[in-house]
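Following: one structure in structure tokens, then a few remarks.
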Amino acid sequence: MHYLDNASTTKPCPEAVTAAVRAMTDDFGNPSSIHRLGTAAERLIEDARSEVAKAVRCRPEEIFFTSGGTEADNWAVFSSAYMLRHAGKHIITTAIEHEAVLNSCRRLESQGYTVTYLAPDAAGAVSAGDVERALREDTVLVSVMLVNNENGAVAPIGEISQVLKAARSRAVLHTDAVQGLMKVPVDARSLGADLISLSAHKVHGLKGCGALYIRKSLRLPPFICGGGQESGFRSGTQAVPQISAFGAACSAGMADAGAADRMAKLRDHIVGRLRAQIPDCVCLYGDAPHILTVSIPGCPSQPTLNLLSQKEIYVSAGSACSRGKRSHVLTAMGIDPKVIDCAIRVSLSRFSTLEDADALCDGLLDVRSSFVKSPGARR
């Protein structure tokens with residue numbers, strides 16, 4: 001098997017699995033209970049909080065666990081808008097955000113907010129200057145993802161933070177760093193973001209767990225009300241196995257210092273082979289080391305995925321959340337629709353190998369040959 005769909009989800013690492021099993025079989029108490037099993041479960045959560053905090057270089061008390069990146073994005077967008085609603089109702093985001101942000105902004109538009117959707121350049125990037133030109137006195141939220149989940153472009157969040165400070169803007173700065181964690185530096189202090197969304201299953205943790213970094217001085221309203229868990233910010237009994245696994249995955253990932261370089265070399269190897277052997281292919285990628293979009297003329301995305309899958313080579317046709325729709329990211333970049341309709345997304349992890357990369361290239365050569373031999377398949 002050659003798994004190259006890591007931007008959709010990663011395989012849980014052994015450390016995460018061990019941590020989850022321990023939380024389910026040994027320390028399985030409710031972390032809000034005050035008996036021994038409860039306090040043991042609470043300790044697992046706090047240990048994990050410390051590990052996630054180390055990964056984003058912040059204080060543990062600034063990390064709040066959620067059910068995933070989507071909840072973290074929703075919390076950041078809706079609660080920021082609600083918190084500052086009396087100061088203004090203008091939001092700045094980009095046209096290439098994850099749907100968790102875009103659909104949240106669209107809902108706010110139906111409630112009287114105005115949203116500016118910044119268009120990316122041809123490389124899929126948005127600049128701090130774009131944000132500066134869109135900034136208004138009534139802007140209350142700026143939400144720009146750190147690493148785009150389809151083109152791999154890295155946004156200048158630190159520069160955007162400086163723009164907001166220079167303008168003395170009251171706007172909250174949020175970044176979706178779901179695809180950035182463990183791939184590019186995610187340092188809460190240097191980024192200058194007030195809110196950072198994270199997801200466990202993108203870094204070899206388990207599905208169903210994420211986190212939101214909230215700058216300590218920001219009194220963000222709770223998104224889920226109830227029993228007061230997560231310091232009152234996010235109520236509900238915590239998913240201890242997933243949270244513990246998240247911490248273990250962060251710890252293991254931080255110990256693998258050369259992972260990003262290895263991923264970048266594998267990406268470059270794939271690009272080099274494809275451009276040499278399929279000269280008319282299109283390869284799109286940014287500064288993130290793990291995401292690459294490939295389009296081979298005449299080879300539609302879904303049949304390509306099916307043929308690769310038969311060889312146990314697994315990639316995707318874009319964001320896993322797009323469910324077959326034409327990529328809004330590539331569309332916003334101005335990519336030719338014919339290129340988009342043949343696009344597949346290749347995404348690496350720290351466990352990806354040269355064998356995986358070569359299997360993909362060999363598989364795509366076979367795919368191209370099959371379409372050349374079967375003109376009817378192009379219809």
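Along the charge dipole of segment 14-255, which of ASN151, GLY129, SER235 sits closest to the positive end, that is, farthest toward it, with unit charges on the beta carbon of Lys, Arg, Asp and Glu (+1, +1, -1, -1)? So the residue we want is SER235. Taking Cβ atoms as reference points and 13 Å as the exclusive limit, the residues near ILE344 contribute a net charge of -1, counting Lys and Arg as +1 and Asp and Glu as -1. Extension gain, LYS54-GLN302: 0.36 nm per intervening residue step, less the Cα-Cα distance, totals 85.3 nm.
Rounded to the nearest 0.05, what FRET efficiency is calculated for ILE34 and THR237 with R0 set to 22 Å and r the Cβ-Cβ distance?
The value I calculate is 0.95.
For the pair ILE224 and ALA122, the difference between a 0.36 nm per residue extended length and the Cα-Cα distance amounts to 32.8 nm.
Indicate the gyration tensor shape class of segment 273-366 (rounded, prolate or oblate), computed on the Cα atoms with a ≥ b ≥ c the square roots of the eigenvalues: a/c under 1.5 is rounded; otherwise a/b larger than b/c is prolate and the rest oblate. In terms of gyration-tensor shape, rounded. Between THR18 and THR114, the simple spin-label model (points 7 angstrom out along Cα→Cβ) gives 5.6 nm. When semi-axes √(5λ) of the Cα gyration tensor in Å is computed from the coordinates, the matching label among [x] 35, 20, 20; [y] 35, 27, 17; [z] 66, 39, 24 is [y].
With Cα atoms defining each centre, segment 1-74 and segment 212-290 are spaced 13 Å apart in the structure.
Coordinate range of the alpha-carbon atoms in segment 1-115 per principal axis, descending: 50, 45, 25 Å. Using only Cα atoms, find the angle between the long axis of helix 240-255 and the longest principal axis of the chain, and express it within 0 to 90 degrees, rounded to the nearest 10. With rounding to tens, the tilt is 60 degrees.
What do you get for the angle between helix 354-373 and the principal long axis of the chain? Use alpha-carbon atoms, 0 to 90 degrees, nearest ten. Once rounded, the angle reads 50 degrees.
Of LYS54/LYS325; LYS165/LYS207; LYS183/LYS207; LYS207/LYS265, which ones are farther than 26 Å apart at the Cα?
Cα-Cα > 26 Å for LYS54/LYS325; LYS165/LYS207; LYS207/LYS265; rest within.
Net charge in the neighbourhood of GLU137 (other residues with Cβ under 13 Å of its Cβ; Lys, Arg +1, Asp, Glu -1) is +3. The sum of -39500 (n - 2.57) across all DSSP H runs of n ≥ 4, divided by the residue count of the chain, sets its helix-only mean residue ellipticity at 222 nm to -12500 deg cm²/dmol. Over all other residues within a Cβ to Cβ distance under 13 Å of ALA119, the charged ones net out to -2, with Lys and Arg as +1 and Asp and Glu as -1.
Each value in this text was obtained by applying a stated rule to the coordinates, not by laboratory testing. Just so we're clear, the structure is a prediction, and the values are computed from it rather than from any experiment. Backbone-built Cβ (ideal geometry, glycine too); neighbour counts: all protein chains shown.
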